[in-house]
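Student: What follows is a structure written as structure tokens; I'll ask about it next.
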Amino acid sequence: MTRASWPELPPLLAEIAEVAGIDAALAIAEAKGGQQVFVVAHLRPDNWLIGAVGIEKARLISDHFCSGRLRQKLTIPLGPVGSYQALRRRTNRALEEAASRGESANQMAATAGVTTRTVHRFRSRRRGHNTNQLKLF
């Protein structure tokens, strides 16, 4: 298989799909998308990769990325194209609903599954620009 076999996937996930299958690539994206992880040469039963894809596929992935190394650091993409935008839409929808209920920043963060910093950025964007404010330049 070639990269063209998985055009909807980011390159790293396409590479994983070629090595261990599309289901493994998607499972890894779901489990660790947006995070930096280590793929290790010597897998232990409690390793995150085994938990995500099972021992056989974990070994295939480990052998592929750790060839001649003890471990390989990877940044796992969020998933197929559009998943980041979908995540943003779901987050904004959850924040809108929480805001309409008058929840605090902590409550909104818990409801939407984000940090309070994200809530503050959301509120700032939501307020928009004050049209009564004079332009500086």
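The values are calculated or read from the model by the stated rules, or taken from the named source; none is laboratory data. In this text the structure is predicted, and so the values were computed from the model without any measurement. For neighbour counting, all protein chains shown are included, and Cβ atoms are generated from backbone atoms with ideal geometry for every residue, glycine included.
Student: Which count do you get for residues in region 52-82 that are outside any loop (DSSP other than H, G, I, E, B), surrounded by fewer than 17 Cβ atoms within 10 Å (Cβ to Cβ), out of contact with any Pro (no Cβ under 9 Å at 6 or more places or on another chain) and free of Cβ contacts under 8 Å to residues at least 24 places away in the same chain?
Tutor: Matching residues across region 52-82 total 3.
Student: Looking at region 46-54, is at least one residue at pLDDT 95 or above and within 17 Å of P11 (Cα to Cα)? Let's see the steps before the verdict.
Tutor: From region 46-54, those at pLDDT 95 or above are 46-54; that's our starting set.
Then drop every residue that is not within 17 Å of P11 (Cα to Cα), which leaves none.
So far as region 46-54 goes, no, none of its residues is at pLDDT 95 or above and within 17 Å of P11 (Cα to Cα).
Student: Taking the condition at pLDDT 95 or above, under 30 Å from A109 (Cβ atoms) and among the β-branched types (V, I, T), does V37 pass?
Tutor: Here the answer is yes, as V37 does meet what is asked.
Student: Then there's this: Do we have T115 as under 30 Å from L9 (Cβ atoms) and without any contact (Cβ under 8 Å) to a residue 60 or more places away in the chain here?
Tutor: Yes, satisfied.
Student: Going through region 18-51 one residue at a time, which ones are touching a residue at least 24 places away in the same chain (Cβ under 8 Å), over 20 Å from the mean Cα position of the chain (by Cα) and loosely packed, with under 12 Cβ neighbours inside 10 Å?
Tutor: H42
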